[in-house]
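Taking it in order: structure first as structure tokens, then the write-up.
The values are calculated or read from the model by the stated rules, or taken from the named source; none is laboratory data. Keep in mind that this is a model prediction, so the values were computed, not measured. Don't worry about glycine lacking a Cβ; one is built from the backbone with ideal geometry, like all the others, and counts go over all protein chains shown.
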Amino acid sequence: MASRLRNPDPTPPSARTSLFSQASSADTPPPPFYNTTFSAHRVSPLHVGRSPLDAQRLQALAQRLRDTLVGDVVRGVEVGLDGEDHVMGRAGALEAVQVRWVNVRDVLEVGAGRGLSVEVRYEAAVCTALLLPGGEAEAEEGFLELPLLLMRMPASLKVVIADFLAAAFDCRVSALRLGTRSMVRAWEAWIRAAGLPTRGPLAKDLVLSLGFYAPPVEKGAADEEGGDAERGTDQPLGLKSIEVFIPAAELRKFVDVGSSDSIRQSRDNKTEGNRGWEDDLKKRRKLAGRLREEGWEWRTSTNTEADGEESNVLGEQPFTEALGRYLDQHLGLNLFHPGVRIIKIACGGFVMSESRMKVFAPADLGEAAEGDNSASGQRGAVWELVEDLVDKARARDGNR
């Protein structure tokens, strides 16, 4: 994966700034990003028309959202969230709703551009929705590109916020699935940008959760094999998942082995002795559950990135290749079987699962160990991680 880190302080084009509010919100702290668990969503371009999203318009949007949350009286029936969710019931009374522009650098401590923040404050909880910009992509006239939506709130409130955005900006909000491919890319890119420190706050063990998918057995096939057709074919049998722990001190060894010529030769030898599914794309996708990010099909293919550059994924995941060899030799587990998935990854920089993500706050430069540049590299790694998520959210297949 080619690095796409851009100048963290580019001047936004004047054509784009005309759609933003020029009001300053320097007196209001930015919404939280680090050490916060978000659910990831993708948003189609927001239709804002010819008028900019100035302070007056944003205030009107906030009032509309507040009316929805408090509850309007419709034909004598109060409509709202009260009583619908026990989590929201414990949050207390609604205190404030704010819709505002925020600088990406103020939120991430790196990067550029402006995002849209929606904050709902209750007595005992603060719920946040953060829409992040699409880098250098130019939107059509009257539209804004804020493709990545991160939400931290109960499920019932997520539905309300998604419906509110769809109605206010004529856009579509959908879940952003983070599959095996996204997690491998994120982890391998993090290694290149932030390194693998063995001391300090960033030196943490890696935890990989592996899941296993088995195509549902058709009733006819179950009968022929003497199975009980009435006995819960919907109920998957066997091992559901396993967790792999790798100490921080051992992570660099995996990268070194994965970058060696011997493992490349090993991959070539295995490719020559293909199994039935390795050269059968249709069968591979069936074993992977027909999800684009699963099945490891992309592992040996040349891919076209969002910026038009081609990259070969196989040569950019040395850690994963070495881990695959280790699991094969010591556990007899083929990590690259189409039915094997990475469902969660937790490292010193972030935690990512199929629908959620959490990025840990970068260490201060003064806290880093002597000779350790991982603290400064982590900020660049955070920016690259966010950019990858934005690119995925912008892509048409981002939710597959």
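On the given criteria, is ALA124 over 19 Å from the mean Cα position of the chain (by Cα), assigned to a loop (DSSP other than H, G, I, E, B) and outside the structural domain of GLY377 (by TED's automatic domain parsing)? Let's see the steps before the verdict.
Numbers: over 19 Å from the mean Cα position of the chain (by Cα): yes; assigned to a loop (DSSP other than H, G, I, E, B): yes; outside the structural domain of GLY377 (by TED's automatic domain parsing): yes.
Judged against the criteria, ALA124 is a match.
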Worksheet item: In the range 333-375, what residues are surrounded by fewer than 17 Cβ atoms within 10 Å (Cβ to Cβ) and modelled with pLDDT under 70?
Response: ASP364, LEU365, GLY366, GLU367, ALA369, GLU370, GLY371, ASN373
Response to the item:
Of (1) crowded, with 16+ Cβ neighbours inside 10 Å; (2) not in a helix (DSSP H, G or I), TRP190 fails just (2)
Practice prompt. Return the total of residues in the range 122-138 being closer than 22 Å to THR37 by Cβ and surrounded by fewer than 16 Cβ atoms within 10 Å (Cβ to Cβ).
Written response: 3
Worksheet, complete the sentence: Those residues of the range 196-212 that are buried (at least 17 other Cβ atoms within 10 Å of the Cβ), in contact with a strand residue (DSSP E or B) (Cβ under 7 Å, 6 or more places away or on another chain) and either farther than 15 Å from GLU354 by Cα or of a type outside the set (Gly, Ala, Ser) (or both) come to a total of 3
Worksheet item: Just a yes or no: is a residue in the range 160-172 of a type in the set (Phe, Trp, Tyr), crowded, with 20+ Cβ neighbours inside 10 Å and in contact with a Gly (Cβ under 6 Å, 6 or more places away or on another chain)?
Response: no
Worksheet item: How many residues, within the range 85-107, are more than 22 Å from VAL173 (Cβ to Cβ), modelled with pLDDT of 90 or more and not in a strand (DSSP E or B)?
Response: 2
